[in-house]
Amino acid sequence: AERVFSGVQPTGNLHLGNYLGAIKRFVALQETHDCLYCVVDLHAITVWQDPEELKRHTREVTAAFIACGIDPKAHIVFNQSQVSGHAELAWIFNCVARMGWLSRMTQFKEKAGKDRENVSLGLFAYPSLMAADILLYRATHVPVGEDQKQHLELTRDIAQKFNVDFAASIAANGLGDAYFPLTEPLIAGPATRVMSLRDGSKKMSKSDPSDFSRINLTDDADAIAGKVRKAKTDPEPLPSEEAGLKARPEADNLVGIYAALVDGSRQSVLDQFGGGQFSTFKSALVDLAVAKLGPIGAEMKRLMDDPGAIDAILIDGADRARVIADRTIADVKDIVGMVRRG
Ligand code: TYM
């Protein structure tokens, strides 16, 4: 069976990139796959999080999942720390993954910057926990934005090394010839890397100090309009052919956003707006973004008014995730050679 897993960190400022690159695609995959969508609080604390804010942001990501159309009854929505198997399997993977592999992760290098001595050990081990998230459910497909590609390659390397290192034991335990699948990343569509509205060379990010760099899922119509109107562009009119976007990162980004919001292609957007003024296109983009995001933001706010109901969804999801996770942990203990209660 094909199983989808993906995660979002509860670090605040959920934005249009998270929506178009990830959550919108999570929603679509519900039709064809069994899906688990996880609020990865253990990942969030690899950098400092205020405890009260962490709780609020965990509920906010959950609210966003549901407001965007994820069905927590038909699929599984939960927060990572409620299923202890994530941390358990991550430890095993810390002993499979090599220091060299993790040292090459560009996200670690970016986040650690020059101050390598003073980042948490958890930040270094982050991708190993991410591999555990996915492989705990033996997920076959993982929808993510472009920035997670390298982490998913590492997940395959860990699965592969585990399968090879323990091949004899996997067979001896009657678990076939490869225990973990080599998970496929699903990185597709016109918005796998949404860029900052202020700088077409930087990705849109939760941590950018400028709120004008991103459209937040909770922004109201006025905020969206203001941000799109102020978005950086160049003086040329829009091209008629996609190739004309090549050296124009800001124009390319806005056209990509429009395309993703209407489930179209960049070319279909240029067929409509090519040759015209940017201001005309921006007005249309404001209307479109407000029409698509307005209801999501409003529903998120409504859901956030009842934290108890959100927590109940997470508890129910974790209970159902644990059933799958416990089976994997038992198998992995048998494979690695750990004595356990039968
Ligand atoms: P996070 O919380 O940074 O982002 C959540 C999702 O949003 C995507 N994304 C973007 N897509 C397009 N354009 C952007 N500007 C943009 N910014 C973010 C991310 O690619 C991601 O899909 N490590 C992950 C969380 C994670 C995870 C996992 C994902 C933990 N365990 C297991 C998949 C499977 C992260 O930090 O995502």
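Structure summary
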| quantity | calculated |
| --- | --- |
| Potential lengthening between Arg322 and Asp71 on full extension [0.36 nm per residue; Cα-Cα distance subtracted] | 88.5 nm |
| For segment 25-83, the Rg and Dmax computed from alpha carbons only, in angstrom | 12.4, 38 |
| Solvent-accessible area per residue, Å², over segment 1-117 with all protein chains present [probe radius 1.4 Å] | 45 Å² |
| Accessible-area composition of the chain, carbon plus sulfur, in percent [1.4 Å probe] | 53 percent |
| Radius of gyration, Dmax [segment 1-155; alpha carbons; angstrom] | 15.1, 46 |
| Along principal axes, Cα extents of segment 84-224, largest first, whole Å | 62, 37, 27 |
| 1.4 Å probe accessible area per residue over segment 211-302, in Å² | 46 Å² |
| Reciprocal mean inverse distance between Cα atoms of the chain - Kirkwood radius, Å | 21.3 Å |
| Probe 1.4 Å - accessible area at Val262, Å² to nearest ten | 60 Å² |
| Cα long-axis angle, helix 51-68 against the chain (0 to 90 degrees, to the nearest 10) | 70 degrees |
| Summed side-chain charge close to Gly275 - residues other than Gly275 whose Cβ falls under 11 Å, Lys, Arg +1, Asp, Glu -1 | -3 |
| Top of Thr218, Thr233, Thr11 by mean-square fluctuation, Gaussian network on the chain, Cα under 10 Å | Thr233 |
| Too-long pairs where the Cα-Cα distance tops 29 Å, listed order kept, from Lys24/Lys73; Lys111/Lys282; Lys149/Lys206; Lys73/Lys109; Lys227/Lys301; Lys114/Lys161 | Lys111/Lys282; Lys73/Lys109; Lys114/Lys161 |
| D (Stokes-Einstein, µm²/s), Kirkwood Cα radius, segment 48-113, 0.692 mPa s at 37 °C | 219 µm²/s |
| Using alpha-carbon coordinates, inclination of helix 307-336 to the longest axis of the chain, degrees | 40 degrees |
| Using a Förster distance of 30 Å, the FRET efficiency for Lys206-Lys55 (Cβ separation, nearest 0.05) | 0.95 |
| Label-reachable residues, segment 145-165, where backbone N falls under 12 Å from a point 7 Å from Arg98's Cα toward its Cβ | 158, 161 |
| Additional length obtainable on full extension of the chain from Asp177 to Asp165, 0.36 nm per residue less Cα span | 3.2 nm |
| Efficiency of FRET from Cβ geometry, Arg193 and Ala312, R₀ 51 Å, rounded to 0.05 | 0.90 |
| On Cα atoms only, tilt of 121-135 relative to the major axis of the chain in degrees | 80 degrees |
| Percentage, to the nearest whole number, of Cα pairs in segment 211-302 over 24 Å apart | 19 percent |
| Rounded FRET efficiency, nearest 0.05, which uses the C-beta distance separating Val47 from Arg229 and R0 of 30 Å | 0.35 |
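The values are calculated or read from the model by the stated rules, or taken from the named source; none is laboratory data. If you're wondering where the values come from, they're calculated on a predicted model, not measured in any experiment. Every residue, glycine among them, receives a Cβ derived from its backbone with ideal geometry; neighbour counts consider all protein chains shown. Heavy atoms of the whole protein, side chains included, go into the accessibility calculation; ligands, DNA and RNA do not. Shrake-Rupley method; radii C 1.70, N 1.55, O 1.52, S 1.80 Å.
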